[in-house]
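The values are calculated or read from the model by the stated rules, or taken from the named source; none is laboratory data. Keep in mind the model is a prediction, meaning the values are calculated, not measured. A quick note on method: Cβ atoms are made from the backbone with ideal geometry, for glycine too, and the neighbour counts reach across all protein chains shown. Ligands, DNA and RNA are stripped out before the accessible areas are found, and what is left, the full protein with its side chains, is counted by its heavy atoms. Shrake-Rupley method; radii C 1.70, N 1.55, O 1.52, S 1.80 Å.
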Amino acid sequence: MSMTAALQPGAGEIRATDYLAASLSHVLWGRLPCATDRPVLTIDPGTDVTIDTLSHEGILEDQGRDPAAFFAANGVDRSLVLDDAVALAASGYPRSGTDGPHVVTGPIAVRGAQPGDLLKMTVLETTPRVPYGVISNRHGKGALVGEMPVSQGSVSVFAEVEHGLDGSEWGTLPLVPGGERSVRFPLRPFLGIMGVAVAGDQRPHSVPPGPHGGNIDINLLTVGSSLYLPVQVPGALAYVGDPHFAQGDGEVALTAMEASLRVTVRFEVVPQAEAVESFGTIAGPLAETSEFLVPTGLDEDLDVAVQNCVRAALGLLEARYGMDRALAYAYLSAATDFDISQVVDIVKGVHARIRVADFAGVRRG
């Protein structure tokens, strides 16, 4: 591990004027914001915010709720363990056995955002705060429930970060426990959770995603990508968390390479009329990259999630380009990949990759 110091709260480069640390007063653990939560920051539309996020790996109860000790067992010096993670784990934060594992930072109120609008969250920067991560498989969870893990306890695999001479970053794993770290895979950091508060006074569980976004785990949401979410409550009350260094589509074991990030996100409001003209009526998360429009489908049944994603893609093509529904259906079948975002969060996720370049010759409006 080549990093000499962790990116501790308030230390190192902070890109935006507005900065939100992952302090005890700025996070929720296991639940997501609802309408009655008070914002920890209020901003104007178009504002960039630098936000510290915390991975749940290393702080959970089945890992001892002591990240300094947990990571020391993997050879990590205390200086490379995050102080805000240690503080949260050591706190009396009220958690029940039914709460989710994730830590989210927020909520952030965006002035003027109203139900019917879309909140656009654009990822401008994702900086690793530590040079390692954890990939976990727990009993009763993952794609192979009852089959993996084979041991009685949970399996938490420690992964180190390796830096290439060209500035590239790689996760590393051994072939066998205790072996040489000869397996390398590229890091593509992103936020597994980006969301807005739900209506009402009940905080939703952090695991299943929904129309509010939340734990969508779409690995295309790297730097430069945007997520559009239908605003549920005045001010939107946005939040981010569940930071990943790398994730394969499906996230089959349960977690990806989970590790804390410092991110900078731009928050913009798309008024309802403009949103409908550009995207149609959006019932759930919609992502956008430089290359793709990415509608999503969510459901506990993977087949239904696929169907919901196809319907969302059809609606998008009809609204944005005026494409006949039968022709849009044919186009999707011939040219669009439908990927499984994840199958491990109760509600399964599917996302489509519609190439923007395919419509470069289309006159809009």
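As a fraction of the 1.4 Å probe accessible area of region 11-62, surface on carbon and sulfur atoms comes out at 47 percent.
Residues H26, H102, sorted by accessible area with the largest first, give H26, H102 [1.4 Å probe; ligands and nucleic acids excluded]. Cβ under 13 Å from V344's Cβ, V344 left aside: what net charge do those residues give with Lys, Arg +1 and Asp, Glu -1? That sum, taken over residues with Cβ under 13 Å, equals -4.
In terms of the mean number of neighbouring beta-carbon atoms within 10 Å, the peptides 138-147, 269-278 order highest first as 269-278, 138-147.
What does DSSP give for the chain in terms of the percent of beta bridges that are antiparallel, rounded to the nearest 5? Taking every DSSP beta bridge within the chain, about 90 percent pair in antiparallel fashion. Determine, from the Cβ-Cβ distance of D66 and T98 and an R0 of 22 Å, the FRET efficiency 1/(1 + (r/R0)^6), rounded to the nearest 0.05. FRET efficiency, D66 to T98: 0.50.
Put simply, when 279-290, 160-171, 199-210 are sorted by average Cβ atoms within 10 angstrom per residue, most first, you get 279-290, 199-210, 160-171. Given their separation in residues at 0.36 nm each and the Cα-Cα distance between them, T281 and H139 gain 47.2 nm when the chain is fully extended.
The simple spin-label model puts a point 7 Å past each Cα toward its Cβ; for T172 and A11 those points are separated by 2.3 nm. Among V27, V110, V304, the largest mean-square fluctuation in a Gaussian network model of the chain (Cα springs under 10 Å) belongs to V304. Mean residue ellipticity, 222 nm, helices only, the chain: the sum of -39500 (n - 2.57) across DSSP H runs of n ≥ 4, divided by residue count and rounded to 500, is -4500 deg cm²/dmol. The residues packed around I43, meaning those with a beta-carbon under 13 Å from its beta-carbon, carry a net charge of -2 if Lys and Arg are +1 and Asp and Glu are -1. An oblate overall shape is assigned to region 129-272, the ratio a/c of its alpha-carbon gyration tensor axes (a ≥ b ≥ c) being 1.5 or greater and a/b not exceeding b/c. Ligands, DNA and RNA left out, the 1.4 Å accessible surface of region 242-299 is 49% carbon and sulfur atoms. In this simple spin-label model, placing a label point 7 Å from the Cα along the Cα-to-Cβ direction at both A335 and R78 gives a separation of 5.9 nm.
Summing +1 for each Lys or Arg and -1 for each Asp or Glu among the other residues whose beta-carbon sits under 12 angstrom from that of K120 gives -3.
Ranked by the mean number of other Cβ atoms within 10 Å of their residues, highest first, the peptides 70-77, 84-91 fall in the order 84-91, 70-77. If you plug the beta carbon distance of E180 and T222 into 1/(1 + (r/R0)^6) with R0 = 45 Å, you get a FRET efficiency near 0.95.
On a per residue basis, region 291-365 carries 50 Å² of accessible surface, using protein heavy atoms and a 1.4 Å probe. Distance from the alpha carbon centroid of region 123-179 to that of region 294-336 works out to 33 angstrom.
Once the Cα atoms are used to define both axes, helix 325-335 deviates from the longest principal axis of the chain by about 40 degrees.
Which stretch or stretches of region 323-345 have amide N atoms under 15 Å from the point lying 7 Å from E147's Cα along the Cα→Cβ direction? Answer for region 323-345: 343-344.
You can think of it this way: the chain between V155 and T4 has 51.6 nm of extra reach, that is 0.36 nm per residue less the Cα-Cα gap. Highest GNM mean-square fluctuation among L229, L220, L24, for the chain modelled with Cα contacts below 10 Å: L24. Expressed as a whole number of Å, what is the distance separating the alpha-carbon centroids of region 240-292 and region 337-364? Cα centroid to Cα centroid, the span is 12 Å. Between the helical axis of 302-321 and the dominant principal axis of the chain, each derived from Cα atoms, what acute angle in degrees is found, rounded to the nearest 10? For 302-321 against the chain, the angle is about 50 degrees.
Modelled this way, with points 7 Å down the Cα-to-C-beta line, the labels at E268 and A90 are 4.3 nm from one another.
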